[in-house]
Amino acid sequence: MKKISFAVSMLALLVGLTVIANAAITTTKHNLSASSTNYTRSQATTSGGTSQVCVFCHTPHHALDQRFIWNHAASINTTWIWGTGSATGTSGGTVLPTNPANLPSFKCIACHDGSVAIGQVNEVFNESTGVVNSNYSIPMQGDVNASYQLTNTTYEVGVGGNMNGNHPIGIPYPGYSPYNGISTGGGVNISQFQASPTKVLLFGDPNGGIGKGIECGSCHAVHGSVNPLLLRDAITSSQLCLDCHIK
Ligand code: HEC
Ligand code: HEC
Ligand code: HEC
Ligand code: HEC
């Protein structure tokens with residue numbers, strides 16, 4: 001009896017943990033489907049829109065990139081600059097990337113720099129017509145212009161390829177270098193970084209190397225989080241920052 005109730009409470013704990021770790025994407029701003037209640041979403045299926053959720057980013061076939069079976073058209077801004085002061089590195093001397101095309105973060109930017117339509121995908125099954133559309137722009141409503149590109153400046157990041165003012169990304173996490181062909185700068189104090197951060201995500205090297213790096217998805221959980229703004233940890237008392245920085 002005791003064993004059963006223990007098992008039951010353990011199960012409840014596990015289920016509870018699962019719920020805490022993953023808030024469903026359907027409850028987030030990344031639910032861009034016609035059936036979402038978000039302001040920015042697909043137009044009705046009868047107007048050429050879609051009720052699908054994943055298709056804005058992933059497709060099971062004919063993906064543009066095998067990594068994450070990526071369905072969304074890439075940003076037109078294939079060169080990044082980090083500021084008018086021509087910053088080329090962090091204060092510790094780590095070089096900031098100017099060629100982001102192979103970075104996981106580049107996948108976020110296509111929508112967030114407003115350079116491509118939010119629904120510009122390689123493949124989508126159109127539920128209204130029963131036809132598989134290729135190279136298709138899903139008609140959108142909300143914070144979009146006539147070309148269905150994001151217009152809300154609050155949500156824009158990296159407009160025109162200008163990364164000035166953003167936390168460094170596409171570079172190695174100190175202690176896991178090199179990443180993206182970049183080594184940690186000699187001026188970086190490795191002892192000021194958590195050795196194995198847990199709540200945030202370090203990405204494997206897109207070039208297949210041994211390093212690990214920091215990307216948009218290190219701090220944000222694109223599919224959902226219990227924290228505001230899809231953050232991987234609470235911003236209260238700057239917990240998120242302290243997950244990596246020892247300060
Ligand atoms: C707004 C874009 C977007 C939508 C919508 C989206 N994803 Fe993702 N997904 C990503 C990105 C970006 C990654 C790469 C990892 C990262 O950057 O965090 C990813 C990675 C993944 C991965 C591999 C890594 C992991 O987290 O397990 C799976 C599996 C996945 N997505 C499934 C789904 C499914 C299923 C749906 C629909 C219910 C979905 N995604 C909707 C953007 C999206
Ligand atoms: C398919 C297009 C698309 C992709 C790809 C995409 N986003 Fe978004 N994202 C949006 C839209 C649209 C919004 C809502 C903007 C609005 O309503 O004005 C949004 C909102 C957000 C928000 C605000 C969430 C909130 O609760 O207020 C964050 C944070 C975010 N995205 C981060 C990311 C990150 C990080 C990635 C990559 C891992 C990513 N996005 C990839 C389209 C996208
Ligand atoms: C080091 C952690 C970190 C990284 C890396 C990061 N973000 Fe954020 N992001 C935050 C925090 C914290 C907020 C909360 C608002 C703020 O402080 O600006 C935020 C807010 C946002 C918002 C909401 C609007 C806003 O400006 O407040 C969007 C959209 C967003 N991030 C997208 C991205 C994209 C796209 C990337 C990659 C290019 C990225 N973030 C990389 C921590 C991060
Ligand atoms: C996922 C780990 C991670 C998180 C979370 C994180 N950082 Fe960082 N941060 C880094 C890395 C890695 C660097 C670059 C180290 C280097 O110079 O090589 C960095 C660099 C910085 C720098 C120095 C920038 C420069 O040009 O020298 C500042 C300031 C900073 N972070 C502040 C923050 C703040 C504030 C937060 C919370 C909003 C935060 N970080 C969250 C990993 C993280």
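Ranking Ser196, Ser137 by Cβ neighbours within 10 Å, fewest first, what do you get?
Placing the least packed residue first, the sequence is Ser196, Ser137.
Which percentage, to the nearest 5, of the DSSP beta bridges contained in the chain is antiparallel?
95
Lysine pairs in the chain with alpha-carbon atoms under 29 Å apart, 8 or more places apart or on different chains: how many are there?
Number of lysine pairs found: 8.
Taking the Cα atoms of the range 89-156, what is the range of coordinates along each of the three principal axes, in descending order and whole Å?
The Cα atoms of the range 89-156 stretch 55, 25, 13 Å along the principal axes, largest first.
Can you classify the chain as rounded, prolate or oblate using the Cα gyration tensor, where a ≥ b ≥ c are the square roots of its eigenvalues, rounded means a/c under 1.5, and otherwise it's prolate if a/b beats b/c and oblate if not?
oblate
Collect residues whose amide H, placed 1.01 Å from N in the peptide plane, falls under 5 Å from the amide H of Gly211; neighbours closer than 5 in sequence don't count.
For Gly211, the qualifying residues are Asp205.
List Val131, Val200 from most exposed to least, where exposure is judged by having the fewest other Cβ atoms within 10 Å.
Val131, Val200
Which ³J(HN,Hα) values, rounded to whole Hz and listed in residue order, are derived for the range 238-247 from phi using the Karplus coefficients 6.51, -1.76 and 1.60 in 6.51 cos²θ - 1.76 cosθ + 1.60 with θ = phi - 60°, glycine and proline given as x?
Listing the rounded values in order: 6, 3, 4, 5, 6, 5, 10, 8, 9, 9 Hz.
Go ahead and set up a Gaussian network model of the chain, Cα springs under 10 Å, then flag whichever of Gly213, Gly224, Gly181 fluctuates most.
So, out of Gly213, Gly224, Gly181, the one fluctuating most is Gly181.
Which residue, Ser183, Ser33, Ser75, tops the fluctuation ranking in a GNM of the chain built on C-alpha contacts under 10 Å?
Judging by the Gaussian network model, the answer is Ser183.
For Phe193, enumerate residues with amide H under 5 Å from its amide H, sequence gap 5+ or separate chain, H modeled in the peptide plane.
For Phe193, the qualifying residues are Ile246.
Choose one answer from Ser91, Ser177, Ser105: the residue with the largest mean-square fluctuation in a GNM of the chain with alpha-carbon springs under 10 Å.
The residue that fluctuates most here is Ser91.
Count the net charge of all other residues whose Cβ sits under 12 Å from the Cβ of Thr153, scoring Lys and Arg as +1 and Asp and Glu as -1.
-3
Under a 5 Å amide H to amide H cut-off, with H placed in plane at 1.01 Å, what residues pair with Asp65 once short-range neighbours are removed?
Amide H neighbours of Asp65, under 5 Å, 5+ apart: Trp70.
Can you sort Phe203, Phe106 so the residue with the fewest Cβ neighbours within 10 Å comes first?
Phe203, Phe106
Readers should treat all values here as calculations from the given coordinates under stated rules, not as data from a laboratory. As the structure is a prediction and not an experimental result, all values here were calculated from the model. Cβ atoms come from the backbone with ideal geometry, glycine included; neighbour counts cover every protein chain shown.
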